[in-house]
1. Suppose every K and R has +1 on its Cβ and every D and E has -1 on its Cβ; what is the size of the dipole of the chain about the Cα centre, in Debye to the nearest 20?
2. Through the Karplus equation 6.51 cos²θ - 1.76 cosθ + 1.60, θ set to phi - 60°, convert the phi angles of the range 29-44 into ³J(HN,Hα) values in whole Hz; use x for Gly and Pro.
3. Please figure out what share of the DSSP beta bridges in the chain is antiparallel and state it in percent, rounded to the nearest 5.
4. Percent of accessible area on the chain owned by carbon and sulfur, 1.4 Å probe?
5. I need the peptides 99-106, 20-27 ranked by packing, meaning the mean over residues of other C-beta atoms within 10 angstrom, with the highest value on top.
6. Can you give me the long-range amide H partners of residue 40? Hydrogens built in the peptide plane at 1.01 Å from N, cutoff under 5 Å, separation of 5 or more residues or another chain.
7. With a probe of 1.4 Å, find how much accessible area the chain has per residue, and write the answer as a whole number in Å².
8. Based solely on its DSSP helices, what 222 nm [θ] is calculated for the chain when runs of n ≥ 4 H residues each add -39,500 (n - 2.57) and the sum is averaged over all residues, nearest 500 deg cm²/dmol?
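The values are calculated or read from the model by the stated rules, or taken from the named source; none is laboratory data. The structure presented is a predicted model; accordingly, all values stated were derived computationally and were not measured. All Cβ positions, even for glycine, are placed from backbone atoms using ideal geometry, and neighbour counts span all protein chains on display. To get the accessible areas, we keep the full protein, side chains included, count just its heavy atoms, and leave off ligands, DNA and RNA. Shrake-Rupley method; radii C 1.70, N 1.55, O 1.52, S 1.80 Å.
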Amino acid sequence: MLTISPSDYNAIRAHGEETYPHECCGVLLGHAEDGVNRVVAIERAGNTRTDRAHDRYNIAPEELIRIQRQARERDLDIVGFYHSHPDHPAQWSQTDFAEAHWIGCSYVITSIPKGTATVTNSFLLTGTTEEDKKFIDQQVQIETSK
């Protein structure tokens with residue numbers, strides 16, 4: 001399960017609308033405990049893909065390191081990533097799967113047809129190695145209180 005506040009959930013969806021027709025991307029920060037990835041904060045990231053920003057995303061390594069260091073200063077961990085799918089379903093693609101490497105993290109995808117966020121889904125990357133990794137559907141629970 002992925003738990004997230006209404007404000008962070010809405011911020012992810014708004015980010016996708018703002019960057020349409022390109023994919024947005026960002027990092028989910030929080031704590032993984034008892035099978036739940038609990039999001040405490042989100043960090044927007046720049047999509048460095050210039051060749052196919054409409055259907056691909058990349059977070060620059062130096063930006064990811066900066067986000068991770070800042071999270072550690074706040075006693076937070078990276079518990080997942082998010083991105084948008086402009087004019088495509090909120091379902092992971094083969095490219096999303098090939099480029100997912102953080103086992104145990106949530107991968108949140110929001111569909112943005114014609115510039116408006118509709119469906120937001122989460123997928124948990126499970127396994128122990130690149131060879132046996134897989135995505136499983138993950139329930140998203142919007143928490144109204146902490």
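1. Numbers: 14 positive and 22 negative charges, 52 e Å.
Roughly 240 debye, rounded to the nearest 20.
2. Karplus values, whole Hz, x for Gly and Pro: 10, x, 9, 9, 8, 6, x, 10, 8, 9, 7, 9, 7, 10, 10, 5.
3. Around 70 percent of the beta bridges assigned by DSSP in the chain are antiparallel ones.
4. Values: 3810 of 7640 Å².
Accessible surface attributable to carbon and sulfur in the chain totals 50 percent.
5. 20-27, 99-106
6. Answer set, sorted by chain and number: 29, 30, 31.
7. About 52 Å² of surface per residue is accessible.
8. Theoretical 222 nm ellipticity from helices: -6500 deg cm²/dmol.
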